[in-house]
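This report refers to the structure that appears directly beneath it.
The values are calculated or read from the model by the stated rules, or taken from the named source; none is laboratory data. Note that the coordinates shown come from a computational prediction; the quantities given were computed from them, not determined experimentally. Note that each Cβ is placed from the backbone with ideal geometry, even for glycine, and that neighbours are counted across all protein chains shown. Surface areas here come from the heavy atoms of the whole protein model, side chains and all, with no ligands, DNA or RNA. Shrake-Rupley method; radii C 1.70, N 1.55, O 1.52, S 1.80 Å.
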Amino acid sequence: MRTWARGGVTRVLVLTEDGAFAARGQIAVPSPGHTAVVDQVETSPAHRRRGLGSLVMRALENAAVATGSSTGAPAATTGGQALYEALGRRTHGPLTSLVRDVSPQTRGA
């Protein structure tokens, strides 16, 4: 497992012994005392059900606590929501993604 931080974002990467991707995740803490946002927690299909998602989450949560955050807001897919709930988190509401398509004509304006 490798962990690094830059610009308020801590990333965790878990590789197999031969260097293949196994799991990852990231957490952003804008400043001490603010809500940490968990994102992009993923486990390779070949490595699921082995505790790697929990391992990544513990590392991310430890990083958030070390930077002064006591509240977290994970962004999750349906599969991710199952992981977070298995770790004792509860859902407060759905996350909605908004996308704005910009036409080539308005990009330069």
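Things to note:
- If the condition is being open to solvent by 40 Å² or more (accessible area, probe 1.4 Å) and in a strand (DSSP E or B), then the range 1-17 contributes Arg2, Thr3, Trp4, Ala5, Arg6, Arg11, Leu13, Leu15.
- Contact map, the range 18-41: residues that are of a type in the set (Lys, Arg) paired with residues that are modelled with pLDDT under 95 and assigned to a strand (DSSP E or B), Cβ distance under 6 Å, separation 6+ or inter-chain. Pairs shown: Arg24/Glu42.
One line per residue, one yes/no per condition, for (1) at pLDDT below 90; (2) under 14 Å from Val9 (Cα atoms):
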| site | (1), (2) |
| --- | --- |
| Pro30 | yes, yes |
| His34 | yes, yes |
| Gln40 | no, yes |
| Pro45 | no, no |
| Leu52 | no, no |
| Ala63 | no, yes |
| Thr67 | yes, yes |
| Ala75 | yes, no |
| Thr78 | yes, no |
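- The range 2-31: number of residues that are farther than 20 Å from Ala75 by Cα and over 15 Å from the mean Cα position of the chain (by Cα): 7
- Residues that are under 13 Å from the mean Cα position of the chain (by Cα) and not hydrophobic (A, V, I, L, M, F, W, C) within the range 39-61 comprise Asp39, Gln40, Glu42, Thr43, Gly53, Ser54, Arg58, Glu61, listed in sequence order.
- Residues of the range 1-29 satisfying the condition of being within 16 Å of Asn62 (Cβ to Cβ), out of contact with any Asp or Glu (no Cβ under 8 Å at 6 or more places or on another chain) and not aliphatic (A, V, I, L, M): Arg2, Thr3, Trp4, Gly8, Thr10, Arg11
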